[in-house]
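Single-structure report; data block below.
The values are calculated or read from the model by the stated rules, or taken from the named source; none is laboratory data. Because the structure is predicted, anything quoted here is derived from the model rather than measured. Cβ atoms come from the backbone with ideal geometry, glycine included; neighbour counts cover every protein chain shown.
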Amino acid sequence: MIKILKTEENKQLAQLSISEAVSGSWFSLINPTEEEIKQVSLVLGLEEDFLRNSLDLDERSRIEIEDGNLLIITNLPIMTDEGSFDTLPMGIIYTPTSIMTVCSMDNNILSSFNEATSYSFDTRNKTEFMLKILYRSVKFYLKYLDVINRTTENIENELQKATNNKALFQLMEIQKTLVYFSTALKDNDIVLQKILRMTNSTSANYIKTTEEDLDLLEDVIIDTRQAIEMVDMHRMILEAMMEGFASIINNNLNLVMKFLAAITIIMSIPTMIGGLWGMNVRVPYGNNPYGFLIVVALSIITSIAVVFYFRKKGMF
């Protein structure tokens, strides 16, 4: 899907066709077809592979310069339909006239730049617009980390009384997410450092910056490093939790087995006494009219005595 937008003088977004695209337009490509890639590459004079690089789900964050065009690949955080989290590569391409984003699927970061929020960005200012996309991305990382933290606390409460592995599997899924986030954020941080160096070198002609842009870039770098620290902290806490709660689950299971063993012993007492008095030999009270009641009473008293003994020993 191709969507071409341009900020007008009144800060409203105008949607254009590919034939109407002018300088200062934002080309948003979401899971583009081969035909759409060819159309855009012809209009902007780009190599088709320059657009396809961002569609590889395993692409790492990096910067590439080719024929006066700048490609910045960064990884965005996404929430899947199942409620888990993952990362997704997105390309930001600078051309001499326009800016382009290329992504294999729609996401909350790009969709947040729309007509309703058009007052907060300007597609004609390519550098500021790019930095605001990166800033929104890191804010979503921090937001999702808060969600992960709350989910972990809920699982922690469940684990205190759990005897199965369901909660541990949930923690393992969260741990996998944190690995994805950590890798993506560290790669993104390297890209941000390269962008910062480019603004202070002969490559600055690719990225035109103002004092406000540099301040925004510093904010993005600071928040990215904060997110990296949060991910590392959550990973260490999670590893300790998994080790501790694995022991708790084993202990809870041992308590259940101990309880069942005690119940089995108690239930076997009436059976044993009844079996002794059911033998085809002479037994005490065999001819007594109250013999049955005596045996039942003996079974109950003995069972109660064993219950009190087990309680004293902490078996219940």
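Which ones in region 279-310 are assigned to a helix (DSSP H, G or I), loosely packed, with under 12 Cβ neighbours inside 10 Å and among the β-branched types (Val, Ile, Thr)? Passing the criteria: only ILE301.
Going through (1) out of contact with any Ser or Thr (no Cβ under 8 Å at 6 or more places or on another chain); (2) within 28 Å of ASN188 (Cβ to Cβ); (3) part of a strand (DSSP E or B); (4) not small (Gly, Ala, Ser) one by one, GLN15 falls short only on (2). Is it the case, given these coordinates, that ASN108 is over 30 Å from GLN170 (Cα atoms) and of a type in the set (S, T, N, Q)? For ASN108, the condition - over 30 Å from GLN170 (Cα atoms) and of a type in the set (S, T, N, Q) - is not met. I'd like to check something: does region 68-83 contain any residue that is touching a Ser or Thr at 6+ places or on another chain (Cβ under 6 Å), assigned by TED's automatic domain parsing to the domain that holds MET1 and more than 18 Å from ASP223 (Cβ to Cβ)? Scanning region 68-83 turns up at least one residue that is touching a Ser or Thr at 6+ places or on another chain (Cβ under 6 Å), assigned by TED's automatic domain parsing to the domain that holds MET1 and more than 18 Å from ASP223 (Cβ to Cβ).
Among the residues of region 100-130, those that are of a type in the set (Ser, Thr, Tyr) and closer than 18 Å to LEU57 by Cα comprise THR101, SER104. Candidates GLY244, GLY274: the one that is free of Cβ contacts under 8 Å to residues at least 60 places away in the same chain and either among the aromatic types (Phe, Trp, Tyr) or under 30 Å from PHE169 (Cβ atoms) (or both) is GLY244.
The residues in region 18-67 that are among the aliphatic types (A, V, I, L, M), under 27 Å from the mean Cα position of the chain (by Cα) and in a strand (DSSP E or B) can be counted, and the count is 3.
Here LEU276 passes the criteria (1) surrounded by fewer than 11 Cβ atoms within 10 Å (Cβ to Cβ); (2) of a type in the set (A, V, I, L, M); (3) modelled with pLDDT under 80 except the one numbered (1).
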